[in-house]
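The values are calculated or read from the model by the stated rules, or taken from the named source; none is laboratory data. Remember, predicted model here, so these are calculated numbers, not experimental data. For neighbour counting, all protein chains shown are included, and Cβ atoms are generated from backbone atoms with ideal geometry for every residue, glycine included.
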Amino acid sequence: MNLLAAESSAYLKSAAHQPVHWLPWGEPAFERARAADKPILLDIGAVWCHWCHVMDGESYEDADEEALVVGAELLTGVTLRYLEATA
């Protein structure tokens, strides 16, 4: 079940129609991954980012996986940490 429709982030809401079982960033998502012994697929994006939407269309429209998504505008600390790691 995709849990993004009620989120405040426009980026998260834009992914609410996808078949991926998106979970917003938070302890419930981490607990669920631990309980299922599954890795976390992390998507960080912003509603204004063209390439974020291109990647979404190419990667997630036919997926049936569970994953964690972060709206970059909401969790800037998480976003910056991953941007710095890839620089």
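Numbers for the structure displayed
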{"quantity": "Residue in the stretch 27-35 that is of a type in the set (Phe, Trp, Tyr) and at pLDDT 75 or above present", "calculated": "yes"}
{"quantity": "Number of the condition not met by VAL78 [criteria: (1) at pLDDT below 80; (2) assigned to a helix (DSSP H, G or I); (3) out of contact with any strand residue (DSSP E or B) (no Cβ under 7 Å at 6 or more places or on another chain)]", "calculated": "(3)"}
{"quantity": "In the stretch 52-68, residue surrounded by the fewest Cβ atoms within 10 Å (Cβ to Cβ) [restricted to those that are of a type in the set (A, V, I, L, M) and at pLDDT 65 or above]", "calculated": "VAL54"}
{"quantity": "Residue in the stretch 1-29 that is surrounded by the fewest Cβ atoms within 10 Å (Cβ to Cβ), counting only those that are more than 13 Å from the chain's Cα centre (by Cα) and part of a helix (DSSP H, G or I)", "calculated": "GLU27"}
{"quantity": "Some residue of the stretch 36-44 being modelled with pLDDT of 80 or more, of a type in the set (Gly, Ala, Ser) and out of contact with any Asp or Glu (no Cβ under 9 Å at 6 or more places or on another chain)", "calculated": "no"}
